[in-house]
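Rule-based calculations on the coordinates, nothing more; no lab input. Because the structure is predicted, anything quoted here is derived from the model rather than measured. Here the Cβ positions follow ideal geometry from the backbone for every residue, glycine too, while neighbour counts run over all protein chains shown.
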Amino acid sequence: MKNAYDVIIAPVVTEKNNAMIEESKYVFKVDTRAEKIEIGRAIEELFNVKVKSVNVMNYNGKPKRAARSSKMGRRANWKKAIVTLAEGSIDLF
């Protein structure tokens, strides 16, 4: 990965993830090829904070049926990263 904007795709905003912000944990959708070290460096570069740890989870795309057709397709596979900050906070909105 060359650019921090290529690694971090978008923040994941849910009710549970908003509760995790109090613990200095933020959730992001990241590139499927990104590694923990790359994700941590990208967050530090984009938001000027110190990252304590990064946990990642891989999700397989769900099978979906096309409308009015018997053909089956799949949603894309994606990766989620939970980033714990050592100090500072991220202003997402």
Matching option when the condition is over 11 Å from the mean Cα position of the chain (by Cα) and surrounded by 12 or more Cβ atoms within 10 Å (Cβ to Cβ), among Val49, Val54: Val49
Test: residue in the range 66-81 that is within 10 Å of the chain's Cα centre (by Cα), surrounded by 11 or more Cβ atoms within 10 Å (Cβ to Cβ), under 26 Å from Met20 (Cα atoms) and among the aliphatic types (A, V, I, L, M): yes
Selection status of Glu15, farther than 19 Å from Gly88 by Cβ and loosely packed, with under 10 Cβ neighbours inside 10 Å: yes
Criterion (in contact with a Leu (Cβ under 9 Å, 6 or more places away or on another chain) and charged (D, E, K, R)) met by exactly one of Lys71, Lys50, Lys79, Lys64: Lys50
In the range 37-93, residue nearest to Val12 (Cα to Cα) [restricted to those that are aromatic (Phe, Trp, Tyr) and without any contact (Cβ under 8 Å) to a residue 40 or more places away in the chain]: Phe93
Flag for Ile43 being under 22 Å from Lys2 (Cα atoms) and touching a strand residue (DSSP E or B) at 6+ places or on another chain (Cβ under 7 Å): yes
